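Novice: Shown below is the structure under consideration.
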C-alpha cells in the first residue's frame, strides 16, 4: 500500500500534469513527473504550473546578475547622455570612449544574455513540465559567463579596452578583453545546450502532449539564432585574441567587420525573438490572451531563423569589401521577410488582447477593450509600450536605414543609435522589465513593494527612451556624428536646431536612467524586504492566467474574432511608415538632386 506521503505526491503530480498538459497523459509521463517531483519540484501557488527547483535557482541567479549589468550599463548611459548634451558636455574624450565601451558591452551583451538564459530555462522546464537537464552544465554556463563579463568590465575600467562594442581592427585591446568575450559567448552556448537537452528529454519522456507552447517555440527560435550568432563570435574573437597575444598576424579588418556583424546583428535578433515570446507570455498572464492563429505565429518565428541572419548586411552597406548585388539582395529583399515576421507579431499580439478583452465583456465601441485593459499592471503597460516603441520608432527607422542610398548618408550619424535604442532598449529591455514584474512574485516568491511607483516605472522609462531616440534621430539627420562627441560641423550648418535635439537626447537620457534606477531599486528592494507570498497566490497585480494551456481561442462565433480596434491601430502604423519612408526619399533628393 502507498504511504500518505506517496499519495500526496501523486495527487500533486496529477494536479500539475492536468493543469499544464491536460488529463490525457501517458504512463511514461506519469513516471517522469513523479520522479522529477521527488527530486526537486514545487507547484506554483499562483498559476498551478510546475517549477523545477534546479531551474528556479539558475533563473534567479542569472536574472540577478542581469540586473547588475543593467545597472552598470545604465550608469554609463547617463554619463554618455550628459556628454552628448552639448550644454553639459560632461566627460573628456578618453572617458567618453571608455564609458561608450562599458555601456555597449553591459547593455547590449551582458544584461541581455544573462536574462535570456533565464528565459530559456523557464521556457524549457515550467512550460513543459520538465526537469532542467543538468545542474552541473548550468553552473558551467553561469560561471563562464560571470567570469568573462567580470574580466571585460575590469579591463575597460583599467583603460585598456577603449575600442567600443565593435572593437574594429586595427584598434586593439588587452587580451583579457577578447578572452572575456569568448568566455561569455561559450558560456552562453553551454546554457543554450542545456536548453536544447532539456527539450529533448521532455520530448523523449513525453512530459507534454502535442506541440510545445508558443512561448517555448519562440524561445527555441531565439536559441537557434543564438547558436549561429555566437559561432560567428568565436570565429572572429579567437583569432583576434591570438593576435592580441602576439601569436599570429593581424586579421584582415574588412573580414573582421563582416564576420563581427554576424555576431553583432544576430545577437540583437536573439533579443527580438525572445522579446516577442515575452509579449505573448505577458499578454496571456495579464489578460488571458491567446494567439488567433498559432500556425501563422510559429511561421513568423521561422522567418526570423531563416532570414534575420543575412539582414545583418545593412551594417555593411558603406563597406567596399562586399558587392552591391549582395548588399541590395540582403537588405532590399531578404531583410523584408524578417520584417514581415515582426509585422505579423505586431498585429497578432494586440489582436489577441482585443479578442480576450471583448470575450470578457469589454465590447463598448472600437477601443473600449483598450481603455478597459489592465493598465495598473506594470507588466501589461511595459509590453504595450515595448510593442509601440519597437514598431513605430525602431521598426520604421530600421527598414528605412536598410535602404542603401539612405544608409550611405546616415550610417555614421546619430540616426543609427537612435534606431537601435528604440529596438533594443525601448523594445527588448522594456519587455524584459515587464516580465520581471511576474518573475519576482512567481519564482522569487515575493510581492513587490511600492506598487504605485512600479506602475509609474514603465512609463517613465519608455518616455525617456522615446525622447532620446527621437532626439538622436533628428540630430543625426542634421549630420551629428556617432561615436564622437564633436558636433561642430553639424552645428555650423544647422545652428540652434542641433542643440535642441541634443537637449532632447539629454533630457530623455535622464528620464530613462531614472526609470531604470527605479526598476532596479524596486526589484532589489522587493528581494530584500518584500512580503513573502510562499503558500498563497501572488497579490501584486492579480492572479496570473495559466500559461500551460496553449490552445487557440474558442470558436463560439465569428463576432468573437473581430478586431476593429487593432485594424485601425495597424492602419495608423502603416500610414506612419509610408510617410516617414517617403520623407526620407524627399530629403535624399535634396542631397543628390536629379540632373
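Novice: On a C-alpha basis, how far is the centre of segment 64-109 from the centre of segment 164-204 in Å? Whole number, if you could?
Specialist: Using only Cα atoms, the two centres lie 22 Å from each other.
Novice: Evaluate the distance, in nm, between pseudo-label points positioned 7 Å from the Cα of residue 87 and of residue 206 along their respective Cα→Cβ axes.
Specialist: Those two pseudo-labels are separated by 6.8 nm.
Novice: When the helix-only estimate is applied to the chain (DSSP H runs of n ≥ 4, each -39,500 (n - 2.57), divided by the residue count), what is the mean residue ellipticity at 222 nm, nearest 500 deg cm²/dmol?
Specialist: Details: 22 runs with 393 residues, N = 595.
When only DSSP H runs of four or more count, the value is -22500 deg cm²/dmol.
Novice: Expected output is a single nm value to one decimal: the length gained when fully extending between residue 332 and residue 95, i.e. 0.36 nm times separation in residues minus the C-alpha distance. What is it?
Specialist: Values: separation 237, 0.36 × 237 = 85.32 nm, distance 3.82 nm.
The residue 332-residue 95 span can extend by a further 81.5 nm.
Novice: At what distance in nm do the modelled label points of residue 238 and residue 324 sit from each other, each positioned 7 Å from its Cα along Cα→Cβ?
Specialist: Calculated label separation equals 3.8 nm.
Novice: Can you put 492, 294, 354, 539 in order, fewest other beta carbons within 10 Å first? Please list the in-between numbers first.
Specialist: Values: 492 10, 294 18, 354 28, 539 14.
By the 10 Å Cβ count, ascending: 492, 539, 294, 354.
Novice: Sort segment 375-540 into rounded, prolate or oblate with this rule: let a ≥ b ≥ c be the square roots of the eigenvalues of the Cα gyration tensor; rounded if a/c is under 1.5, and if a/c is not under 1.5, prolate when a/b is larger than b/c, oblate otherwise. Mind dumping the intermediate values first?
Specialist: Details: a/c = 3.52, a/b = 2.37, b/c = 1.49.
Prolate, because a/c is 1.5 or more and a/b exceeds b/c.
Novice: With a 10 Å radius around each residue's Cβ, average the other Cβ atoms per peptide and rank 262-272, 568-578, 522-532, 144-154, highest first. Can you show the working numbers first?
Specialist: Details: 262-272: 24.0, 568-578: 13.7, 522-532: 16.0, 144-154: 20.8.
Peptide ranking by packing, descending: 262-272, 144-154, 522-532, 568-578.
Novice: Turning to a different aspect of this structure: Take 52, 44 and order them by how many other Cβ atoms sit within 10 Å, fewest up front. Write down the numbers at each step before the final one.
Specialist: Details: 52 27, 44 22.
Fewest-to-most ranking of 52, 44: 44, 52.
Novice: Only one of the listed values, (i) 87, 64, 48; (ii) 133, 56, 44; (iii) 93, 68, 51, was derived from the coordinates as Cα extents along the principal axes in Å; which label is it?
Specialist: Identified label for the calculated read-out: (i).
Novice: Once label points are set 7 Å from the Cα along Cα→Cβ at both residue 562 and residue 483, what is their separation, rounded to one decimal in nm?
Specialist: 5.4
Novice: Using mean Cβ contacts within 10 Å as the protection proxy, how do 172-180, 582-590 order, highest first? Don't skip to the end; give the middle numbers.
Specialist: Numbers: 172-180: 21.9, 582-590: 12.0.
Peptide ranking by packing, descending: 172-180, 582-590.
Novice: So if each residue of separation counts as 0.36 nm, and I subtract the Cα-Cα distance between residue 492 and residue 367, what length gain in nm does that give? Intermediate values should be presented prior to the final figure.
Specialist: Details: separation 125, 0.36 × 125 = 45.00 nm, distance 4.71 nm.
Additional length available on full extension: 40.3 nm.
Novice: Can you give the relative contact order of the chain as a percent, counting alpha carbon pairs under 8 Å and 6+ residues apart?
Specialist: Numbers: 949 pairs, mean separation 96.6, N = 595.
It rounds to 16 percent for the chain.
Novice: Could you tell me how many degrees, from 0 to 90 and to the nearest 10, lie between the Cα long axis of helix 496-529 and the main elongation axis, the longest principal axis, of the Cα atoms of the chain?
Specialist: 30
Novice: Please order 445, 84 by the number of other Cβ within 10 Å, starting at the fewest. Write out the running numbers ahead of the final one.
Specialist: Working: 445 21, 84 27.
Ordered from fewest to most neighbouring Cβ atoms within 10 Å, 445, 84 come out as 445, 84.
Only the coordinates and a few stated rules stand behind these numbers; no lab work does. Given the structure is predicted, the values throughout are model-derived calculations rather than measurements. Virtual Cβ from ideal backbone geometry, glycine too; neighbours counted across all protein chains shown.
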